[in-house]
Amino acid sequence: MAAELFDYEPVFAQLTDEGHCEWVQQLQAACDVALAPEVHGNLDKWTAAWHLLPDVPDATLDACERFQLLGSLADDQRAVLRETLMQLHPWRKGPFHVFGIHIDTEWRSDWKWDRLKDHVELRNRLVLDVGCGNGYYGWRMLAAGASQVVGLDPFLLYVMQHEAIKRYAGARADNYVLPLGDDCLPKNLHAFDVTFSMGVLYHRSSPIDHLQTLAGTLKKDGQLVLETLIVEGDCNSVLVPEGRYAKMRNVWFIPSIDMLQLWLRRVGLKDIRVVDVTATSVQEQRSTDWMTFESLPDFLDPNDRSKTVEGYPAPLRAVVTARR
Ligand SMILES: C[S@@+](CC[C@H](N)C(=O)[O-])C[C@H]1O[C@@H](n2cnc3c(N)ncnc32)[C@H](O)[C@@H]1O
């Protein structure tokens with residue numbers, strides 16, 4: 001079957017089957033609005049690039065140990081592919097190994113995956129990934145047995161990166177990135193077995209609303225996997241940066257691990273487990289050929305790497321799981 005751009009029908013069919021007809025109608029309308037040509041000045045250019053991607057009829061995907069697409073591609077076609085994928089710069093989440101091209105992304109997202117994968121049961125689970133970026137983790141989730149992964153990300157470049165990768169992963173590969181944010185999630189949806197929110201909480205100005213929404217996406221006993229920045233401190237500690245944090249403008253609340261657990265209890269979640277706490281290293285987040293802008297080494301105080309350039313504690317991240 002020929003690959004098609006923005007083919008969300010299998011998601012809508014699955015959710016309709018599960019009785020979420022009204023929400024599906026809302027999602028369809030919201031996707032149409034988000035993907036209207038006038039909404040983003042580069043969408044036409046990216047769509048044209050997608051149509052230039054060379055065919056690889058024998059492409060196969062293996063995302064068990066790492067993400068790799070295997071298949072036969074002549075050298076000149078590989079050069080076209082590389083050039084076309086580069087038009088979707090910056091590539092932040094990955095890495096992707098695509099027919100001999102190593103998309104060395106800003107983040108070693110595979111390291112985060114390795115830290116959390118043994119703490120979530122994905123076999124035959126319907127998964128929601130809020131703020132999924134280019135859908136990298138969705139491929140790893142499918143390889144771990146998920147039945148379908150519904151990713152949400154409002155940033156259209158990442159949606160396009162996903163479409164470029166999906167072009168080769170098979171039209172019916174059940175990993176989707178809808179061009180939407182968490183505001184498309186109604187309260188008390190109870191639609192998913194597992195919900196991920198990684199790297200999103202601190203970008204939300206109302207973090208408890210975000211957690212409440214996430215909790216509401218889960219079926220009974222469904223599992224939440226939450227990954228976020230944290231600070232050292234007790235259950236009364238939260239960092240609200242005065243301005244930027246690590247040069248990021250949109251960071252609102254960075255809680256201590258105790259405060260985060262309190263927030264999770266307050267939204268009614270149970271069985272809360274802190275499964276990982278790791279300081280982000282300059283090996284895990286850095287500039288590369290595929291993300292040539294500034295990265296973590298530029299966000300840290302050059303004289304004291306335990307601090308950001310603004311003088312705040314350097315990035316420390318936790319993965320917490322919980323059940324509804
Ligand atoms: C720091 S990245 C994390 C990406 C990925 N989840 C990971 O852990 O590597 C945050 C992502 O959240 C997306 N995002 C920002 N606001 C959002 C919102 N309101 N709802 C869902 N995603 C959002 C951004 O576009 C970005 O891709």
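Structure data summary
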read-out: Lysines whose Cα lies under 18 Å from that of Lys219, excluding same-chain neighbours fewer than 8 positions away; value: Lys187, Lys270
read-out: Alpha-carbon Rg/Rh ratio, for the range 36-182, with Rh computed the Kirkwood way; value: 0.95
read-out: The range 20-140 - percent relative contact order, Cα under 8 Å, separation 6 or more; value: 18
read-out: Rg [Å, one decimal], Dmax [Å, integer] - the chain, C-alpha atoms; value: 19.5, 59
read-out: Proximal aspartates and glutamates relative to Lys307, as straight alpha-carbon distance under 19 Å, when same-chain residues fewer than 8 apart are discounted; value: Glu232, Glu242, Glu284, Glu294, Asp298
read-out: Antiparallel DSSP beta bridges within the range 9-323, percent to nearest 5; value: 55
read-out: Under 5 Å, built H, 5+ apart or other chain: amide partners of Leu224; value: Thr195, Ala322, Arg323, Arg324
read-out: Helix-derived mean residue ellipticity, 222 nm - over the chain, DSSP H n ≥ 4, -39500 (n - 2.57), to 500; value: -9000 deg cm²/dmol
read-out: Total charge dipole magnitude, the chain, about the Cα centre, Cβ charges on Lys, Arg, Asp, Glu only, Debye to nearest 20; value: 800
read-out: Net length gained if the chain between Val240 and His190 were fully extended (0.36 nm per residue, minus Cα distance); value: 14.9 nm
read-out: For the range 196-246, the spread of Cα positions along each principal axis, largest first, Å; value: 38, 22, 16
read-out: Length added when fully stretched, Asp304-Asp221, from 0.36 nm per residue minus Cα-Cα; value: 25.5 nm
read-out: In nm, spacing of pseudo-spin labels at Arg273 and Asp7 (7 Å Cα→C-beta vector); value: 3.7
read-out: Calculated FRET efficiency for the pair Asp58/Ile208, C-beta based, R₀ 45 Å, to 0.05; value: 0.35
read-out: Extension reserve of the Phe155-Asp17 stretch, reckoned as 0.36 nm per residue once the Cα distance is removed; value: 46.9 nm
read-out: Considering only the range 93-152, percent of DSSP beta bridges that pair antiparallel, nearest 5; value: 30
read-out: Links that overshoot a 21 Å alpha carbon limit, given the list Lys93/Lys117; Lys45/Lys166; Lys45/Lys247; Lys117/Lys247; value: Lys45/Lys247; Lys117/Lys247
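No value in this document is a laboratory result; all are computed from the given coordinates. The shown structure was predicted, so the numbers you read here are calculated from the model rather than taken from an experiment. We place every Cβ from the backbone using ideal geometry, glycine too, and count neighbours over all the protein chains shown.
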